[in-house]
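One structure is given here, and the rest of the page talks about it.
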Amino acid sequence: MNTQMRGSDASSEHPLAPVARSLAEQAFRQRDIPAVRRAAATFAAHAGLGAAQLSDFVQAVSEAAGCAMAQGPCTARLRLWMMGSRAFCEITADGMLEAAGPRGGPRPAGEAEALRRWLLRRLCDHVSIRTGPHGVTVILSMTVA
């Protein structure tokens, strides 16, 4: 996701883009997933998500963290923010989501990973899962109802 924002020094002839409010950011490891869920719950409550939506958001953040950590120990970073009426979560990890298969191609997704991706797509308005040489990035968003 590439979001360009203009600051207060932008000329008046250009409208200002919506400003993202970053409310939470933290590094974590696998053992810290409960703290990630607590951070997501606190963020969602402050963002105005109702009880059911709050629960869905926390579940989605937890699954995204699990997805980013699927290939073993790594360091990850959680970032939660609001933009307009949408709550966003970005999790980046230095692990690889798809390990090489026996013939050098990508390894097929396992059942747990497929279930995680299905659940994320059911819970969220938008889900993006990217992997590359620098790790994995999971971005999700939910419209606050």
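Figure legend. Inter-residue proximity from region 115-134: first residues assigned to a loop (DSSP other than H, G, I, E, B), second residues surrounded by 18 or more Cβ atoms within 10 Å (Cβ to Cβ) and small (G, A, S), beta-carbon distance below 6 Å, spacing 6+ or different chains. Indicated pairs: C124/A60; D125/S141. Any residue at all in region 54-67 that's crowded, with 17+ Cβ neighbours inside 10 Å, modelled with pLDDT of 95 or more and more than 27 Å from G135 (Cβ to Cβ)? For region 54-67, residues crowded, with 17+ Cβ neighbours inside 10 Å, modelled with pLDDT of 95 or more and more than 27 Å from G135 (Cβ to Cβ): present.
The listed residues are L23, L97, and the only one of them that is in contact with a helix residue (DSSP H, G or I) (Cβ under 9 Å, 6 or more places away or on another chain) and at pLDDT below 65 turns out to be L97. Residue count for region 25-45 under the criterion of being more than 17 Å from S141 (Cβ to Cβ) and part of a strand (DSSP E or B): the result is 3.
Against the criterion of being buried (at least 22 other Cβ atoms within 10 Å of the Cβ) and at pLDDT 80 or above, A114 does not qualify. So is G72 surrounded by 12 or more Cβ atoms within 10 Å (Cβ to Cβ), on the phi > 0 side of the Ramachandran plot and at pLDDT below 95 or not? When the stated conditions are applied, G72 does not pass them. A single entry from L80, L49 fulfils the requirement of being in contact with a strand residue (DSSP E or B) (Cβ under 9 Å, 6 or more places away or on another chain), in a loop (DSSP other than H, G, I, E, B), touching a residue at least 12 places away in the same chain (Cβ under 8 Å) and farther than 23 Å from E111 by Cα: L49. Of the set (1) surrounded by fewer than 16 Cβ atoms within 10 Å (Cβ to Cβ); (2) under 19 Å from L23 (Cβ atoms), all apply to C89 but (1). Would you check if L49 is at pLDDT 95 or above and of a type outside the set (D, E, K, R)? Considered against the rule, which asks whether it is at pLDDT 95 or above and of a type outside the set (D, E, K, R), L49 comes out as no. Residues in region 137-145 include at least one that is over 18 Å from Q59 (Cβ atoms) and either within 17 Å of the chain's Cα centre (by Cα) or at pLDDT below 85 (or both).
The values are calculated or read from the model by the stated rules, or taken from the named source; none is laboratory data. What you see is a predicted model, and the numbers here were worked out from it, not measured in a lab. Note: ideal-geometry Cβ built from the backbone for every residue, glycine included; neighbour counts use all protein chains shown.
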